[in-house]
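A short worksheet on the structure shown next.
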Amino acid sequence: MPWTEMLQFSSRRSPIVCTRGCTASSQPLATNAGLDILKKGGNAADAAVAMAAVLNLTEPFSTGIGGDCNCLFYHGPTKKVYGLNGSGRSPQLLTLDLLKKEGFVETNPLPLSHANLVTVPGAAAGWCDTVHLFGSKKLSLGEILQPAIELAERGFPVSEITAFHWNREANILQRPGNQHGKDLLLQGQSPKSGQIFKNPLLAQTFKELAQSGKRGFYEGRIAKAIVETIQRNGGVMSLGDLKEHTSTEVAPIFTDYKSLRIWELPPNGQGITALMVLNMLENFNIKEMDHNSADYVHLLAEAVKLSFADSFQFCADPARVLVPVEELLAKNYSKQRSELINMQRANSKSIHGNPSGAGGDTVYFTAVDAEGSACSFINSNSTNFGTGLVPEGCGFALQNRGAHFSLNPEHPNCLVPGKRPYHTIIPGLATSPVTGELLCSFGVMGGFMQPQGHVQVLLNMLEFGMNPQEALDAPRFCLEYEKSGGTWKLSLEEGISEPAAQRLIARGHNVHWPVRGHERSLFGRGQIITKGTWWESQHALIAEDDQEVLWAGSDPRSDGCAIGY
């Protein structure tokens, strides 16, 4: 196998250190666009939206305006944390009965390219609302989108890892009947690394959004193109579904783990999964365990299983069903769940608890500005290129987020019209529970890897003293629930030792080891910006002499970088 296919990990990076502002994403052009916005007087929220737009252009298989977004915003002057749910809802005409008539039920779900998996794309409204609610008010939406518009018209050279994944997923754009999939290809093929790719249609879409705001996307030409494409391919979304879409400002949820207060968005997002894991881990002495040892991976994996069992059962749209968030996050409930962990044997079941008795490809990116505010932002098509359906004249693909609905009518997350599905994309923040100071803005993308990634990189810093770059560099594990067999698969990245893998097998884990090369994408791609060096053992909180210094890292599993000034 050629070395380029193996994707060797033989270099190292130092963490970025700066004082006035910092951005981090999976694409250098996006990171740079965000920093430029900061230098022009924009704040972290403005910079995040600029990065979101550039990432739509440079990494279209992962993200775009045809998908959803979510964000957490930390306001430096007031030390308050805000949340925005930018996910879309199911069409009003889409029902379980309709799908059943077409032969689709829980045991025979829709294929990932089916047009009825397109929920209303929430990203456009999410970008507009992020700027409106949290932005500096010094830059217009047009100025924020301008870097992406210029790059789309001028073209950009495609980076190495991006080219690999673009090629791997290009078949969904090339399939018969996908009339405009070619708009995201070069002469019918995916672009190679170093080739210039232009997307003037996407530039026009961004211009219309800049000129007319949300109406420029959810009404008029773009909306008609979206609906026409979906209906031509057997979907039922209407112009009314698009016109009625709104983002939702939400109160973030949190838990305290030692000297950190970790913030996530509430359901329908799965951020609560990470918080439940951390609550369980409080009942164990992590520091006694070697990093990525068999004991350590086993403990985290078992806690992840128990947390997913609960979130798979209870996490749904709180506007449509009652989600017991407070009960799931109760420390006594987590203590009860942690007592189910057998340190000598893997749990093969996925059984949710009873909290009432207790007392899914993506891009993640972040920015911190000179005011001390931070924006933790995530944007996604769901799976690669989503459905692969590209509306005429628009330059982006439509998501397939509806795949995360249950088709079981008794399940809290079952499909009903106008409902948000269980959502995998989760931004993260950490603050001091004592002072309210920002400690870090962070995230790890990658479907159900995301809460697992949040926990692993946080523990890398807090329990093992790693700086942000080291925390992202360290090998990770990923648990996947194989629904067909009702079993858990534990994948271990190259760098976790063979003896550890063998001990995990002996405890009953279904281990896949080592995962290397491009397959490392399984473990997500993260970004971290921290304030101060709180991860060092002598710094329980931010010390006065380093509180103005930002430290940042960017995941080596992507093409991206962190930069600051």
Subset of segment 483-520 [in a helix (DSSP H, G or I) and under 17 Å from L300 (Cβ atoms)]: A500, A501, R503, L504, I505
Residue under evaluation Q313, criteria (1) at pLDDT 95 or above; (2) of a type outside the set (D, E, K, R); (3) over 17 Å from A430 (Cβ atoms), criterion not met: (1)
Given (1) surrounded by 24 or more Cβ atoms within 10 Å (Cβ to Cβ); (2) closer than 18 Å to L72 by Cα; (3) in contact with a Leu (Cβ under 9 Å, 6 or more places away or on another chain), number of the condition P433 does not satisfy: (1)
Exclusive hit being assigned to a loop (DSSP other than H, G, I, E, B) and in contact with a Gly (Cβ under 9 Å, 6 or more places away or on another chain), set P417, P391, P409: P391
Residue within segment 405-418 that is aliphatic (A, V, I, L, M), buried (at least 20 other Cβ atoms within 10 Å of the Cβ) and modelled with pLDDT under 95 present: no
Any hit, segment 68-76, residues being surrounded by fewer than 16 Cβ atoms within 10 Å (Cβ to Cβ) and either more than 29 Å from W166 (Cβ to Cβ) or touching an Asp or Glu at 6+ places or on another chain (Cβ under 9 Å) (or both): no
Residues of segment 456-466 satisfying the condition of being buried (at least 24 other Cβ atoms within 10 Å of the Cβ) and in contact with a helix residue (DSSP H, G or I) (Cβ under 6 Å, 6 or more places away or on another chain): V457, M461
Tally, over segment 491-527, of residues that are of a type in the set (A, V, I, L, M), touching a Pro at 6+ places or on another chain (Cβ under 8 Å) and closer than 27 Å to S380 by Cα: 1
Residue within segment 466-476 that is of a type outside the set (K, R) and in a strand (DSSP E or B) present: no
Listing of helices (runs of 4 or more DSSP H) fully contained in segment 92-158 that carry 2 or more residues being in contact with an Asp or Glu (Cβ under 8 Å, 6 or more places away or on another chain) and either within 15 Å of A47 (Cβ to Cβ) or of a type in the set (D, E, K, R) (or both): 123-134, 141-154
Residues within segment 174-200 that are assigned to a helix (DSSP H, G or I) and either touching a Ser or Thr at 6+ places or on another chain (Cβ under 9 Å) or surrounded by fewer than 19 Cβ atoms within 10 Å (Cβ to Cβ) (or both), tallied: 4
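Each row is one residue, and each column tells you yes or no for (1) more than 21 Å from I286 (Cα to Cα); (2) at pLDDT 95 or above; (3) surrounded by fewer than 19 Cβ atoms within 10 Å (Cβ to Cβ).
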{"residue": "M445", "(1), (2), (3)": "yes, no, no"}
{"residue": "P468", "(1), (2), (3)": "no, yes, no"}
{"residue": "A471", "(1), (2), (3)": "no, yes, no"}
{"residue": "G485", "(1), (2), (3)": "yes, no, yes"}
{"residue": "W488", "(1), (2), (3)": "yes, no, no"}
{"residue": "S521", "(1), (2), (3)": "yes, no, no"}
Helices (runs of 4 or more DSSP H) enclosed by segment 1-65 - at least 1 residues per element that are surrounded by fewer than 17 Cβ atoms within 10 Å (Cβ to Cβ): 3-6, 28-39
Filter result (part of a loop (DSSP other than H, G, I, E, B) and of a type outside the set (G, A, S)) within segment 68-87: P77, T78, K79
Residues satisfying the stated conditions in segment 366-388, i.e. part of a strand (DSSP E or B) and either among the polar types (S, T, N, Q) or surrounded by fewer than 24 Cβ atoms within 10 Å (Cβ to Cβ) (or both): T366, S376, N379, S380
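The values are calculated or read from the model by the stated rules, or taken from the named source; none is laboratory data. Please read all numbers here as calculations on a predicted model, not as lab measurements. When we count neighbours, we look across all protein chains shown, and the Cβ atoms used for this are built from the backbone with ideal geometry, even at glycine.
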